[in-house]
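The values are calculated or read from the model by the stated rules, or taken from the named source; none is laboratory data. Model, not experiment: these values are computed from the prediction. Note that each Cβ is placed from the backbone with ideal geometry, even for glycine, and that neighbours are counted across all protein chains shown.
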């Protein structure tokens, strides 16, 4: 019941010539593709996702006016259990004003009291909603020396911290000019290729004490040497620094010269340290 | 509105069934079990079933492939009536 | 048509087996689903390429976890950046660590020793090395209900030796 | 030769699909060999850094699914459906050519970029950590491939339902027609969810939206639901054409009519409906509650009887026949055996507590490869050998064909049955390196040797096909396999072929 009766047409054979031309077309296409892959292999794998490059433009911290203590609300602190207020137990010299810098991209508050069910919540102070990337108003705390005021974030009640009023002189304003040079591990440094250590290279004079601050929300280290060599960490090693933690590298017993260092957790994060 | 027996059954049965299953969900298990033992036990049970069925079906396939292969002497070609679909 | 009766018998047997297996799975999952009442809570946080643990009394451990035998533990697992999966192969513990969400899984270790903790969800550069060590030590068992033990191999040979060697 | 590239006739477009499928199968298989060779020993041997390894297995996965299984299935469909429904061509020949020519574009995007976030691109990794243009290229490549398979399935549905010969009832058409019809309808229902998920993933990467980005309050589990709602039916979409091809070959080579046509059709329709009820068994480990897990387990178990009916139908058809074990039949029976192992493994997988053992381990790798490499690739290769005289007018070398079959069968069994046990020992999936412990090393080595055997089989296959396409002896077009039955109507092909 085939439509047209079954004529004995010559059977069309695929000729070797046709087959060769077909193979050439496929082979040439594959060769071009392979060439592009080989040359562009790393190039196509270089940029990080645009969303990770969006840095909430944190306003440059104004020069610390006399008597102002700055407390940072870290990026990613909205996740329960993540580090939130930095420094966690701020020492506020009596009479100082306090400013909370919100480095996260969601709303936070700093409200005195232990939690939403606390009776005299926000009696001592309350910053009210601080938008992501902005700083709160300067809060004056009239409490005498030695009192410790717990505070928490009304938006994320599991973010708790406290501040203690201390004598005027020994409470150094955080973020003020620390003695030695500071090396910060930038937020988002864990993404491969993202800017990691800042300043890099860091030049210090021999004998300085470098304070290393981890501004990212994951663990990092600053360990001398290179990931491949066995004696990494010989010269100095901050070992695992929790998000928001600070560690010190004492260059007293290091001869002047150039040291490169890297992060144990993310081997692709490398930096240089110059000691004159 | 004559609700015949069939309608009644359709309504009653799910209610009864769920009331039986209900307690099983609610009670907090007081019998503390060791996960590893329970999970591996269930796995072995699954394997026993899988391998018995497997043996049966592989046996049947092997028999069919061996007995009804074309070159089998016993496999005399008997024409099936055409159009036997 | 071929005599289709055999097919119905075959399908019937298959369906009955499936129902049996489903019921058996349902029965076991029923107990695995919610932790015993008095189990200790351990906060587990996964982040790109290491595990951190926090006990109830606040002590934090990085890359190592010390538990006691015979004490039920409830792990509250979350992640800091991408998806991970908290997995102890020898104690059949496995739950995804999803950022912004806390998943719970419970286990009662029943044999002392050193076990392997590994990440079971692809998480990037050193996903294959994201491991931690679990030490189960002697402990006073606070479990009231009777424990049933069968002679299932305590630890699969591979993973126990693994922890020691790497 | 050039006229094939610009033709819209269903046999030419079908041939283009088949060639693209085979090329993708070979280069994808090469990547698989690289992976298996790397995993032969613990530690890094041939691949220097983990990123390269991750990019290789992502591309291997994506390529095999979207560029080997789907194109080859629609290639054979393009060839046979118009002949089976007695219509001169596909419903829309130009749409057919368009649907094909989108695939090389998608293939180029996926292959040139080589993204590194696994074939299903779970956020937040695919948003926060996946690198460079490779990720965006993958997303657009898959979007184009999805669109092309939607267009292809629309074309098939209209051809089968509307362009069928009026006095040929649907219940009399061959079961391969039913398989293609059911697959196309499932594609239309399943794919839109993933298309949406892809766009949302892309905008998340740009930072303009936060659907799945936890830092912006999104929920990565939402993506997994959208993904698996498409992709569990999709795995049945991969399998059903292969089952249809097995229905095509087994009655012919057993020289016996099919055991039960109704049972085949019922199984197809039942599977297509039940397939949509079981997607979240891929997500047991994301912290689902008990009742949700139970529902999806029941949904998964409901799909097993349909496959069991197919297996029964095949064995019953072979019962009492005079089976000629030419290469096509050997491939299909080999596929049937591996299909059974895959199914048995699947039943064990779907039991909720066992997810603690098997989730994201090599058990799962072994399980789904038994489907994609066992049932589907074997049925495809069987059909390819059976269609060889139709496409080239020549016969392939029968003995080399059987050697290819045995190499592939032994290789595949060695790799994937061993990987089941490897998974039980707790080796996670997608790892560049494993714990250097004696049992794991031995099993990895067995499956790597199996991979080399399969590689040899694939090389022999291509050699046989290419050589005999050019120089094979001309086939007797009425009955090339001496089955005493009318072969496909060769004259339906365009003369310039």
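Tabulated data for the structure shown
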| item | result |
| --- | --- |
| Verdict on residue D:51 being in a helix (DSSP H, G or I), within 30 Å of residue D:419 (Cα to Cα) and at pLDDT below 95 | yes |
| In region A:209-231, the residues that are modelled with pLDDT under 80 and buried (at least 18 other Cβ atoms within 10 Å of the Cβ) | A:217, A:218 |
| Given (1) more than 23 Å from the chain's Cα centre (by Cα); (2) at the interface with another protein chain (Cβ under 9 Å from one of its Cβ atoms), number of the condition residue B:40 does not satisfy | (1) |
| Some residue of region D:258-279 being modelled with pLDDT under 95 and over 20 Å from residue D:183 (Cβ atoms) | yes |
| Looking only at region D:97-119, and only at residues there that are within 19 Å of the chain's Cα centre (by Cα) and assigned to a loop (DSSP other than H, G, I, E, B), the one that is nearest to the other protein chains (Cβ to nearest Cβ) | D:118 |
| Residues (within 12 Å of chain C (Cβ to nearest Cβ) and either buried (at least 19 other Cβ atoms within 10 Å of the Cβ) or touching a strand residue (DSSP E or B) at 6+ places or on another chain (Cβ under 7 Å) (or both)) located in region D:36-46 | D:38, D:39 |
| Selection count, region C:96-108, where residues are in contact with a helix residue (DSSP H, G or I) (Cβ under 6 Å, 6 or more places away or on another chain) and either closer than 24 Å to residue D:425 by Cβ or outside any loop (DSSP other than H, G, I, E, B) (or both) | 3 |
| Which listed residue is under 14 Å from residue D:181 (Cβ atoms) and touching a residue at least 60 places away in the same chain (Cβ under 8 Å), from D:241, D:251 | D:241 |
| Residue among D:73, D:99, D:91 that alone is in contact (Cβ under 8 Å) with a residue 24 or more places away in the chain, more than 24 Å from residue A:51 (Cα to Cα) and surrounded by fewer than 24 Cβ atoms within 10 Å (Cβ to Cβ) | D:91 |
| Subset of region A:84-116 (residues that are modelled with pLDDT of 75 or more, surrounded by fewer than 22 Cβ atoms within 10 Å (Cβ to Cβ) and within 14 Å of chain C (Cβ to nearest Cβ)) | A:88 |
| Subset of region D:22-35 (residues that are more than 12 Å from every other protein chain (Cβ to nearest Cβ) and under 30 Å from residue D:96 (Cβ atoms)) | D:25, D:28, D:29 |
| Odd one out for residue D:460, checked against (1) without any contact (Cβ under 8 Å) to a residue 24 or more places away in the chain; (2) more than 14 Å from chain C (Cβ to nearest Cβ) | (1) |
| Filter result (surrounded by fewer than 17 Cβ atoms within 10 Å (Cβ to Cβ) and either over 17 Å from the mean Cα position of the chain (by Cα) or more than 14 Å from chain A (Cβ to nearest Cβ) (or both)) within region C:64-73 | C:66, C:69 |
| Residue in region D:374-389 that is away from chain C (no Cβ under 14 Å), under 18 Å from residue B:47 (Cα atoms) and crowded, with 21+ Cβ neighbours inside 10 Å present | no |
| Any chance residue C:17 is assigned to a helix (DSSP H, G or I) and either crowded, with 21+ Cβ neighbours inside 10 Å or without any contact (Cβ under 8 Å) to a residue 60 or more places away in the chain (or both) | yes |
| Where residue C:102 falls short, out of the listed (1) modelled with pLDDT of 90 or more; (2) under 26 Å from residue D:216 (Cα atoms); (3) buried (at least 22 other Cβ atoms within 10 Å of the Cβ) | (3) |
| Checking residue D:434 against (1) assigned to a helix (DSSP H, G or I); (2) within 14 Å of chain C (Cβ to nearest Cβ), the condition it does not meet | (1) |
| Filter result (surrounded by 23 or more Cβ atoms within 10 Å (Cβ to Cβ) and not in a helix (DSSP H, G or I)) within region D:188-228 | D:212, D:213 |
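Yes or no, residue by residue, for (1) surrounded by fewer than 23 Cβ atoms within 10 Å (Cβ to Cβ); (2) within 30 Å of residue C:122 (Cα to Cα):
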{"site": "D:233", "(1), (2)": "no, yes"}
{"site": "D:265", "(1), (2)": "yes, no"}
{"site": "D:271", "(1), (2)": "no, no"}
{"site": "D:280", "(1), (2)": "yes, yes"}
{"site": "D:287", "(1), (2)": "yes, yes"}
